[in-house]
Amino acid sequence: MSSRKSLVDRVWAREVLDSRGNPTVEVEIGLLDGARGRAIVPSGASTGAHEAVELRDGDISRYGGKGVLGAVANIQNKITPAIQGCDASNQVEIDRILLELDGTTNKSGLGANALLGVSLATAWAAANSENIPLYRYLNDQSTYVLPTPMCNLLNGGAHATNSTDFQEFMLVPVGASSFHQGIQWIAEIYQIIKHILSERNLATTVGDEGGFAPTLESNQAAMDLLIEAILRAGKKPERDISIALDPAATEIFSPEETYKLSRENKVLTGAEMVDLWAEWKSLYPIISIEDGLAEDDWSSWVLLTERLGADTQLVGDDLFVTNQERLMRGINLGAGNAILIKPNQIGTLTETLGAIKTAQQNGFNTVLSHRSGETEDHTIVHLAIATSSGQIKTGAPARGERTAKYNEILRIEDTLGKNAVYLGGEPFQIKKKD
Ligand code: PGA
Ligand code: ZN
């Protein structure tokens, strides 16, 4: 709904902190009617080479070079004059202006962090102007699917030193009958894992996404730990709780095109990695594997999809980087069957929603995702609900920047009452190809 009242009046941009203590971009947009919207941009650690460019100052006298004053200045000096007076309820037009101002395909002109902050804050302002939640503003319907969470309980790789080679060991409450029951199960298991680690004199410190990061003897030991915790909680693996993995394999891919498992002193080829996932799949209740192979190892991805893709969700994160062109390549090749959606990998809300639509039209599952460097911003929750993605990945059921998302889903579940639907494991099912 377009009206004079929703015209952009003022834009504030500033440097704030993320969960790792690094600076990031916050944007507030004020409309003529007094409504305001705010968004904070997250930041990755195991970033894909094909992601849109996150502009950092590189001035080592501030924040070790990680300052974002350049991105903030781009918003203040270049973006603000271009969008003042524009209709915030016309998101497509705002994002078109942003892309035109940036003028590059990888968003290195103004920085994807500058673009995304403005893009999302605009959407929030427009929703607030209509006095409705963002998910409803983006998609007005009577019932909504709440996302089933993939909760990251054990952190490794680039998110925790001296831990597993693989980055994320997640639990999915597929058998819960509601979101709040699912998150309760996971939070209880989180405490049980802490207890088991203490019993074994292993560290109970946590990694970047709030999951524990013990030094274990092997990668597989992390899987056994999860199964033990599920059983101790009185839950049945697979029926109640399934396992989802994000090994973030690009991080362990070498220039020799092999995968290096330092923890186990092993070097595997792409085909041997596929064998490893097939073996794990036969041993554990694995429902989803994200980035089981590296971002440009397309032929191994096709192999993996042929081997496991009929009944395992295979999610491209670094592979697709929320980019419709890379996604189409995967769809055409038969590489993967799901896409991770991270708005800051691409830079604008319109492109993010476009990637989700392309995926859904082609039978690919969609998973909204946080980054390892996060904040209290919970926009991804609203995007997951608005698009009926049915899945969200937002870390451990602990630490404020992670619980900000879970708590927002709990609030929405409470507000919607019987108009909130929780589908458990259903959104993970693989769509049959015609
Ligand atoms: P990142 O990790 O935010 O550090 O990229 C998250 C992921 O790989 O899914
Ligand atoms: Zn990932």
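Quick test for you: out of GLY334, GLY347, pick the one residue that is at pLDDT 95 or above and open to solvent by 10 Å² or more (accessible area, probe 1.4 Å).
Checking each option against the conditions leaves just GLY334.
So, in region 220-265, of the ones that are of a type in the set (Lys, Arg) and modelled with pLDDT of 95 or more, which residue ends up surrounded by the most Cβ atoms within 10 Å (Cβ to Cβ)?
By that ranking, first place goes to LYS235.
A quick yes/no check of all residues on (1) away from ligand 1 (no atom under 16 Å from the Cβ); (2) aliphatic (A, V, I, L, M); (3) open to solvent by less than 10 Å² (accessible area, probe 1.4 Å); (4) touching a His at 6+ places or on another chain (Cβ under 6 Å):
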| site | (1), (2), (3), (4) |
| --- | --- |
| VAL367 | no, yes, yes, no |
| HIS370 | no, no, yes, no |
| ALA384 | no, yes, yes, no |
| GLY390 | yes, no, yes, no |
| THR394 | no, no, yes, yes |
| ALA398 | yes, yes, no, no |
| ALA404 | no, yes, no, yes |
| ASN407 | yes, no, no, no |
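Does VAL172 fit the bill of being assigned by TED's automatic domain parsing to the domain that holds THR415, more than 15 Å from SER372 (Cβ to Cβ) and within 16 Å of ligand 1 (Cβ to nearest atom)?
yes
Could you give me the residue pairs with C-beta distances under 7 Å whose first residue belongs to region 32-54 and is farther than 17 Å from ILE346 by Cβ and outside any strand (DSSP E or B), whose second residue is away from ligand 2 (no atom under 13 Å from the Cβ) and of a type in the set (A, V, I, L, M, F, W, C) wherever it lies, and which are 6+ apart or on separate chains?
LEU32/LEU7; ALA35/ALA125
Mind listing whichever residues of region 220-244 are within 16 Å of ligand 2 (Cβ to nearest atom) and in contact with a helix residue (DSSP H, G or I) (Cβ under 8 Å, 6 or more places away or on another chain)?
The answer is ILE243, and nothing else.
Output yes when any residue across region 278-285 is within 16 Å of ligand 2 (Cβ to nearest atom) and modelled with pLDDT of 95 or more, and no when none is.
no
Only one of (1) of a type outside the set (A, V, I, L, M, F, W, C); (2) closer than 19 Å to PRO247 by Cβ; (3) more than 16 Å from ligand 2 (Cβ to nearest atom) fails for THR148. Which number is that?
Exception for THR148: condition (2).
Quick check: is even one residue across region 278-293 farther than 21 Å from LEU171 by Cα and either outside any strand (DSSP E or B) or open to solvent by less than 50 Å² (accessible area, probe 1.4 Å) (or both)?
No; the residues of region 278-293 include none that is farther than 21 Å from LEU171 by Cα and either outside any strand (DSSP E or B) or open to solvent by less than 50 Å² (accessible area, probe 1.4 Å) (or both).
The values are calculated or read from the model by the stated rules, or taken from the named source; none is laboratory data. Since this is a predicted model, take the numbers as computed values, not measurements. Ideal geometry is used to build each Cβ from the backbone, glycine not excepted, and the neighbour counts take in all protein chains shown. Areas reflect the complete protein model, heavy atoms only, side chains present, ligands, DNA and RNA absent. Shrake-Rupley method; radii C 1.70, N 1.55, O 1.52, S 1.80 Å.
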